Amino acid sequence: MTVIVGLVHRKRVHLAGDSAGVGGYQLTIRRDPKVFTNGPYVFGFTTSFRMGQLLHHAFQPPHPEGDLNRFMATTFINAVRTCLKDGGWARKDAEQEQAGNFLVGIHGRLFAIESDYQVAEPSDRYAAVGCGEELALGALHATGSLDLTPRQRLTAALRAADHHSAGVAAPYTFVKTPR
């Protein structure tokens, strides 16, 4: 349970996330962030705090090279798969590997990584994942034509999800790719 939101603004990727840790009817406000930087990348995860810890602390992201779409779908994803397997988190069902969902930003581009390791790049230049995804996407769409900073738009999306979803809770964390 979570909401992670991201958008591209002036060649930088901005991500934000909530702090809810939810299991059944239990809510814990977590101090460990769901959004973070790792090298030149920004990440925001849902699905599992263990997956996020591995991406934050164990993953050594490869340096992007060549065609970024090809790089993300092959070299980057293969490194993620290896990290999650080595960390004991990756799952295999009917001979198909499965992970979790997360957003990643690099070089002014935002990608959504799905549980089957597919790499999606939204043409809207914003994305969300987690149980508050649809609420946050509506807020990002509605604020797109307003004169707001990236942080203001992300905050509006987080607050919309927080207000309408039992699985989303403040405080919020914000990160952006380096210049």
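The values are calculated or read from the model by the stated rules, or taken from the named source; none is laboratory data. Quantities reported herein were computed from a predicted structural model and do not represent experimental measurements. Virtual Cβ from ideal backbone geometry, glycine too; neighbours counted across all protein chains shown.
Can you tell me which residue within the stretch 39-64, out of those that are in contact with a helix residue (DSSP H, G or I) (Cβ under 6 Å, 6 or more places away or on another chain) and either outside any helix (DSSP H, G or I) or not aliphatic (A, V, I, L, M) (or both), is nearest to GLY87 (Cα to Cα)? Steps first, answer last, please.
Taking the stretch 39-64 and keeping what is in contact with a helix residue (DSSP H, G or I) (Cβ under 6 Å, 6 or more places away or on another chain), we get 43, 45, 54, 58-59, 62, 64.
Applying the additional criterion that residues be either outside any helix (DSSP H, G or I) or not aliphatic (A, V, I, L, M) (or both) yields 43, 45, 59, 62, 64.
Working: PHE43: 18, PHE45: 16, PHE59: 10, PRO62: 17, PRO64: 23 Å.
The residue in question is PHE59.
In the stretch 129-169, which residues are among the polar types (S, T, N, Q), within 20 Å of LYS11 (Cβ to Cβ) and surrounded by 15 or more Cβ atoms within 10 Å (Cβ to Cβ)?
Scanning the stretch 129-169 gives a single hit, THR143.
Regarding LEU27, is this residue assigned to a strand (DSSP E or B) and over 23 Å from GLU121 (Cα atoms)? Lay out the reasoning, then the answer.
Values: assigned to a strand (DSSP E or B): yes; over 23 Å from GLU121 (Cα atoms): yes.
Criteria met by LEU27.
Just checking, which of ASN78, ASN101 is loosely packed, with under 13 Cβ neighbours inside 10 Å and of a type outside the set (A, V, I, L, M)?
Numbers: ASN101 fails: loosely packed, with under 13 Cβ neighbours inside 10 Å.
Answer to the check: ASN78.
Considering only residues that are of a type in the set (A, V, I, L, M, F, W, C) and assigned to a loop (DSSP other than H, G, I, E, B), which ones fall in the stretch 68-93?
As a first pass, look at the stretch 68-93 and keep what is of a type in the set (A, V, I, L, M, F, W, C): 68, 71-73, 76-77, 79-80, 83-84, 89-90.
Hits for the stretch 68-93 are TRP89, ALA90.
Which condition from (1) more than 15 Å from the chain's Cα centre (by Cα); (2) touching a residue at least 60 places away in the same chain (Cβ under 8 Å) is the one that ALA142 breaks?
Only one criterion in (1) more than 15 Å from the chain's Cα centre (by Cα); (2) touching a residue at least 60 places away in the same chain (Cβ under 8 Å) is unmet by ALA142, namely (2).
Within the set of pairs 6+ apart or on separate chains, which have a first residue in the stretch 68-85 that is more than 15 Å from ILE106 (Cα to Cα), a second that is surrounded by fewer than 16 Cβ atoms within 10 Å (Cβ to Cβ) and modelled with pLDDT of 95 or more, and C-beta atoms under 6 Å apart?
Matching pairs, first to second residue: ALA79/PRO62; CYS83/ALA58.
Identify all residues within the stretch 1-20 that are in contact with a helix residue (DSSP H, G or I) (Cβ under 7 Å, 6 or more places away or on another chain) and surrounded by fewer than 18 Cβ atoms within 10 Å (Cβ to Cβ); write none if there are none.
Initially, the stretch 1-20 is screened for residues in contact with a helix residue (DSSP H, G or I) (Cβ under 7 Å, 6 or more places away or on another chain), giving 3, 5, 7, 9, 14, 16, 18.
Selection gives HIS9 alone.
Would you pick out the residues in the stretch 94-114 that are outside any loop (DSSP other than H, G, I, E, B), more than 9 Å from GLY6 (Cβ to Cβ) and either of a type outside the set (A, V, I, L, M, F, W, C) or out of contact with any strand residue (DSSP E or B) (no Cβ under 9 Å at 6 or more places or on another chain) (or both)?
Matches in the stretch 94-114: GLN96, GLU97, GLN98, ARG109.
For the stretch 57-78, indicate whether the set of residues that are at pLDDT 95 or above, over 19 Å from ALA156 (Cβ atoms), β-branched (Val, Ile, Thr) and in contact with a strand residue (DSSP E or B) (Cβ under 9 Å, 6 or more places away or on another chain) is non-empty.
yes
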